[in-house]
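The values are calculated or read from the model by the stated rules, or taken from the named source; none is laboratory data. Everything numeric in this text was worked out from a predicted model, so none of it was measured. Cβ placement follows ideal geometry from the backbone for every residue including glycine, while neighbour counts extend to all protein chains displayed.
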Amino acid sequence: MATSSAPGKVYLFGEHAVVYGEPAVLCAIERRARVTAEARDDDRLRVQANDLTLDGFTVTWGGDADDRPDVDVPTPLVEAAMGYIDGAVEQARDAADAPAAGFDVTVESEIPLGAGLGSSAAVVVACIDAATRELGVDLDAETVADRAYRVEHEVQDGEASRADTFCSAAGGAVHVQGDDCRRLDDTPNLPFVVGYDGGAGDTGELVAGVRSLREEFDFAADTVEAIGDVVRRGERALGDGDVEAVGRLMDFDHGLLSALGVSSRSLDTMVWAAREAGALGAKLTGAGGGGCIVALDRTEQTHTALQYTPGCEEAFRAELDADGVRAER
Ligand code: MEV
């Protein structure tokens, strides 16, 4: 039996634009997905997920690729989660040259599904690491990130960047632009506060929406490029340790993402609650449509304000997690 864990993340800057080759900066946060893989003596895959902030569910899967998972909770998110786990196990079989390996997989996650905190990337990264180790193969974090990216790319119909999976595998603060993925050292302490509306967006649909806007309107394509400019500025501000400037640029990024149609009423309400409480900056994180915002505030005021904001289900401080994927057992 092998257990691995991998962190969730927030986007400081650059979601959506990163899909079109613009840079993005993300930070791993201390909320983790833990995946245990235990080899079976047949080729089946049994998945148990008790803590995906959905009611607990168990699915048993055949070894046949055409098999549909037998899911007793008819939630598209659950099916998507199963698609990610199925893809991760395929990658582990390929890496270990064991095409008929079967597993009992258990997922426990502190990261809400589809909420912009990188739940799927963390589950895929941890699952590839645990399942390959269970088959006697140790992959380095970069290889795990690359294989996890292939899974996201497939599940998201070719519309995925390397950002979420690289950040989860590498940990810390990272820069991603196309295939150029690296950790950023010497970043200042970033006082993250996260607000969660209890909902979720459909990443595939949101990414497709931005793509069609970009194709229809030159100014939408310009907006995507403008996000790239914000990210470049933001990365310089980070390097200078200028947290105030980072906050202002996060505000700007949120405005551009709203223009691209990926915010929502509850995300905007939480962003404004954070700004009015004195946050240095606030924006949605991840694909949008619902889920989480991230704000910067050294005081307790944003955290307190979000706890009393209608539509905000949970607010918490998030610490940067320097560790990426790691073996737990
Ligand atoms: C989703 O967490 C982030 C997006 O930029 C998609 C991607 O980068 O794959 C919207």
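Computed values, structure above
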item	result
All helices (runs of 4 or more DSSP H) inside the stretch 115-175 with 3 or more residues being closer than 25 Å to A98 by Cβ, under 11 Å from the mean Cα position of the chain (by Cα) and among the aliphatic types (A, V, I, L, M)	119-134
Residue check for A81: under 23 Å from A200 (Cβ atoms), modelled with pLDDT under 80, buried (at least 21 other Cβ atoms within 10 Å of the Cβ) and of a type outside the set (D, E, K, R)	yes
Qualifying residue in the stretch 189-206 (condition: within 14 Å of the ligand (Cβ to nearest atom), assigned to a helix (DSSP H, G or I) and either within 23 Å of L296 (Cβ to Cβ) or of a type in the set (A, V, I, L, M) (or both))	yes
Residue list for the stretch 126-161, restricted to those being crowded, with 23+ Cβ neighbours inside 10 Å and in contact with a Leu (Cβ under 9 Å, 6 or more places away or on another chain)	I128, D129, T132, R147
G209 vs. criteria part of a helix (DSSP H, G or I) and either within 11 Å of the ligand (Cβ to nearest atom) or not assigned by TED's automatic domain parsing to the domain that holds E22 (or both)	yes
In the stretch 1-30, the residues that are of a type in the set (D, E, K, R), closer than 26 Å to E314 by Cβ and either surrounded by 22 or more Cβ atoms within 10 Å (Cβ to Cβ) or within 13 Å of the ligand (Cβ to nearest atom) (or both)	K9, E15
Flag if D218 is more than 20 Å from the chain's Cα centre (by Cα) and acidic (D, E)	yes
Yes/no for G171 being at pLDDT below 95 and away from the ligand (no atom under 16 Å from the Cβ)	no
Unique residue being buried (at least 23 other Cβ atoms within 10 Å of the Cβ) and among the aliphatic types (A, V, I, L, M) when the list is A327, A282	A282
Breaking point among (1) under 17 Å from A327 (Cβ atoms); (2) free of Cβ contacts under 8 Å to residues at least 12 places away in the same chain; (3) within 16 Å of the ligand (Cβ to nearest atom), for A148	(2)
Neighbours by Cβ (under 7 Å, 6+ apart or cross-chain): first from the stretch 153-166, closer than 18 Å to D129 by Cβ and at pLDDT 85 or above; second more than 6 Å from the ligand (Cβ to nearest atom) and in a loop (DSSP other than H, G, I, E, B)	R162/D179; D164/G118
Selection from the stretch 192-227 of residues that are in contact with a strand residue (DSSP E or B) (Cβ under 8 Å, 6 or more places away or on another chain), crowded, with 16+ Cβ neighbours inside 10 Å and more than 18 Å from D253 (Cα to Cα)	Y196, D197
